[in-house]
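Student: Dropping the structure in here first, questions after.
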């Protein structure tokens, strides 16, 4: 897997490879506003995960997920290390945390 100096660099790379949609977290799914699409945990796969940690300010840490759906939609989710944890159900949190710990 590639390594990137910044989140912006990683986003530019994955978007250039077709992960063009932007996902956000809802309580039980990922949501793409541009497509009005909801993806539940069994409907998407996490293809790549990149972690970015700022030594000077831990609040600036983030995880980038490159996600593909069972319908062929590809996009990204950026999570500020658990920022969404309170907003999601167990199944979604489990899927993201399992994959987020890989890299």
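Student: Restricting to segment 62-87, what's the tally of residues that are at negative phi and modelled with pLDDT of 80 or more?
Tutor: 17
Student: Still on this structure, I have one more. So which of 22, 36, 13 is without any contact (Cβ under 8 Å) to a residue 40 or more places away in the chain and either within 13 Å of the chain's Cα centre (by Cα) or loosely packed, with under 14 Cβ neighbours inside 10 Å (or both)?
Tutor: Just one listed residue meets the conditions, 36.
Student: For segment 39-61, name all the residues that are at pLDDT below 90, part of a loop (DSSP other than H, G, I, E, B) and surrounded by 13 or more Cβ atoms within 10 Å (Cβ to Cβ).
Tutor: Within segment 39-61, 61 is the sole residue that qualifies.
The values are calculated or read from the model by the stated rules, or taken from the named source; none is laboratory data. Keep in mind that what you see is a predicted model, and the values were worked out from it rather than measured. Glycine also receives a Cβ, built like all others from the backbone with ideal geometry; neighbour counts cover every protein chain displayed.
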